[in-house]
1. Scan Ala345, Ala292, Ala280 and give me the residue that is touching a helix residue (DSSP H, G or I) at 6+ places or on another chain (Cβ under 8 Å) and either in a helix (DSSP H, G or I) or at pLDDT below 95 (or both).
2. Among the residues in segment 231-238, are any farther than 30 Å from Glu336 by Cβ, without any contact (Cβ under 8 Å) to a residue 24 or more places away in the chain and among the small types (Gly, Ala, Ser)?
3. Take the residues of segment 194-233 that are of a type in the set (Gly, Ala, Ser) and out of contact with any helix residue (DSSP H, G or I) (no Cβ under 9 Å at 6 or more places or on another chain): which is modelled with the highest pLDDT?
4. Which one is surrounded by the most Cβ atoms within 10 Å (Cβ to Cβ), of the residues in segment 236-261 that are closer than 25 Å to Gly197 by Cβ and of a type in the set (A, V, I, L, M)?
5. Restricting to segment 37-79, name every residue that is in contact (Cβ under 8 Å) with a residue 60 or more places away in the chain, in a loop (DSSP other than H, G, I, E, B) and over 21 Å from Leu102 (Cβ atoms).
6. Here is a list: Val95, Val53. Which entry is surrounded by 12 or more Cβ atoms within 10 Å (Cβ to Cβ) and at pLDDT 85 or above?
7. In this structure, does Val349 turn out to be farther than 17 Å from Val256 by Cα and crowded, with 19+ Cβ neighbours inside 10 Å?
8. If you check Pro277, Pro287, which single one turns out to be assigned by TED's automatic domain parsing to the domain that holds Leu245 and touching a Ser or Thr at 6+ places or on another chain (Cβ under 6 Å)?
Amino acid sequence: MLRELGRRDRKNEYWVLLRQEGMREFEEPNERWHKVEVDVPHYTLREQLVLPVKLLGLAPDVVYVPHFNVPILWGGRMVVTIHDLLWHEQRGGQVTTLPPGLYWVKYLGFRLVFWWAVVKAKAILVPSRWVKQQLIKQYSRVRGKVRVAYEGVDEKIRNPKHEIRNQVLRKYGLERGKYLLYVGNVYPHKNLETLLGALKFLPEELVLTVVCGRELFKERFDKLVKRYGAKGRVRWLGYVSDEELAGLYGGAGTFVFPSLSEGFGLPALEAMALGCPVVAARSSSLPEVLNAAAMFFEPKDEKDLAKKVKQVLGRKRWRNEMVKKGRVRVKDFGWEKMAGHVLEAFEKVGG
């Protein structure tokens, strides 16, 4: 249960503390804790109407909302996790596929709900010191109730057996060590334009493999691939299973993470856990989280990115050292540690 509480999930799930007594009994299933599932889409008016009704029926002491989309009609005590402030940093037509009118209505709704979350919450958890700084910069009054709760690598992502890894590579027509791997969405802030531009400075046999579970901005990405003349050097795999993803991490020459804004940067830690060296942009929370276990490049510098990738691939001893540092760094994080911070927040709120 600890891991499930700490785990970030896109499902509409909320944890509520029915009674404040017995906090330390959380690790065992008991009647004091209840998971509320709401079968409605995220970030919708319906979500805002349905959840308060469910909570009124439960009358919990505290509600834990694992994202900013808090029920604004709920007047009880809440603990909230704020993963990032991306929509505060980026807004406008270039960051959406929606029509302008609909986008701005949605954006104003987001800002209202987000504001209510940080003002109403009795405690706020964030996944990095960088997010904490950004949050306090935007909402100075929350300084005293924000605490850092680092995330962790999902236990489903494990080292695959050699035969499974090789099977995955054969399936996708990839050669071990001969491809760069990127995992994540292709939103504009992910800075894939710089990554595509860096390909022209790298050996032609290197293929960029993209794992992305969402098609949003795929059309824009395809146009960028065409603009940079990289069509023959990019493999779009879309969604893959956890087992296949582990195999792809294990077989990649380098995991490249060019993102300009990350609240935590979980895919890079997953790569480290599976023995894949990481080259990441020196931006947002990435230096804080990845520390000396990654190679960093200037976020908009294509040549610097290509240079760092060549260094990792061209120096076996250096590469092996990076892999060792990555495996050690991953041990500093864990979902149980994050869940412990949630428990502490509950105790403080209900004390």
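The values are calculated or read from the model by the stated rules, or taken from the named source; none is laboratory data. Computed from a predicted structure; not experimentally measured. As a convention, Cβ positions derive from the backbone with ideal geometry for all residues, glycine included, and neighbour counts pool all protein chains shown.
1. Going through Ala345, Ala292, Ala280 in turn, the sole match is Ala292.
2. Yes, the conditions are met somewhere in segment 231-238.
3. Among those that are of a type in the set (Gly, Ala, Ser) and out of contact with any helix residue (DSSP H, G or I) (no Cβ under 9 Å at 6 or more places or on another chain), it is Gly232.
4. If we take residues in segment 236-261 being closer than 25 Å to Gly197 by Cβ and of a type in the set (A, V, I, L, M), then Val256 is surrounded by the most Cβ atoms within 10 Å (Cβ to Cβ).
5. The one that is in contact (Cβ under 8 Å) with a residue 60 or more places away in the chain, in a loop (DSSP other than H, G, I, E, B) and over 21 Å from Leu102 (Cβ atoms): Asp61.
6. Val53
7. yes
8. Pro277 is the lone residue from the list that is assigned by TED's automatic domain parsing to the domain that holds Leu245 and touching a Ser or Thr at 6+ places or on another chain (Cβ under 6 Å).
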